[in-house]
Amino acid sequence: MRKLFLTFIFALFLVSFLLGKVDTTRASMDRENIRYTSVKVKYGDSLDTISKEYNNTGMSHEEYIDSIMEMNRMDSNKVHPGCFILVSYKVER
């Protein structure tokens with residue numbers, strides 16, 4: 001009985017490890033296609049318009065704006081003409 005229990009625990013551990021490995025591999029493949037560029041803010045631009053132009057990463061609109069703010073260490077969602085901000089985009093292969 002104990003041998004059967006240990007075999008079950010080992011099999012469960014092995015399956016969970018392999019499933020975790022698959023998810024990690026898929027996530028790293030997605031990150032390989034992400035690139036970053038600097039965008040010069042023009043008059044009339046906002047994070048909303050910039051998000052609509054560059055967000056092809058699969059993130060929601062709100063998540064993408066949050067990521068821009070985090071990458072650029074912004075406290076506010078206001079941008080000023082002439083400033084440069086860093087944005088991410090996905091390269092289609």
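The values are calculated or read from the model by the stated rules, or taken from the named source; none is laboratory data. Remember, predicted model here, so these are calculated numbers, not experimental data. Every residue, glycine among them, receives a Cβ derived from its backbone with ideal geometry; neighbour counts consider all protein chains shown.
In region 56-65, the residue that is farthest from Leu86 (Cα to Cα) out of those that are under 11 Å from the mean Cα position of the chain (by Cα) and surrounded by 15 or more Cβ atoms within 10 Å (Cβ to Cβ) is Met59. Considering only residues in region 66-93 that are assigned to a strand (DSSP E or B) and under 18 Å from the mean Cα position of the chain (by Cα), the one that is surrounded by the fewest Cβ atoms within 10 Å (Cβ to Cβ) turns out to be Leu86. All conditions in (1) out of contact with any helix residue (DSSP H, G or I) (no Cβ under 7 Å at 6 or more places or on another chain); (2) at pLDDT below 95; (3) of a type outside the set (Val, Ile, Thr) hold for Tyr43, with the sole exception of (2).
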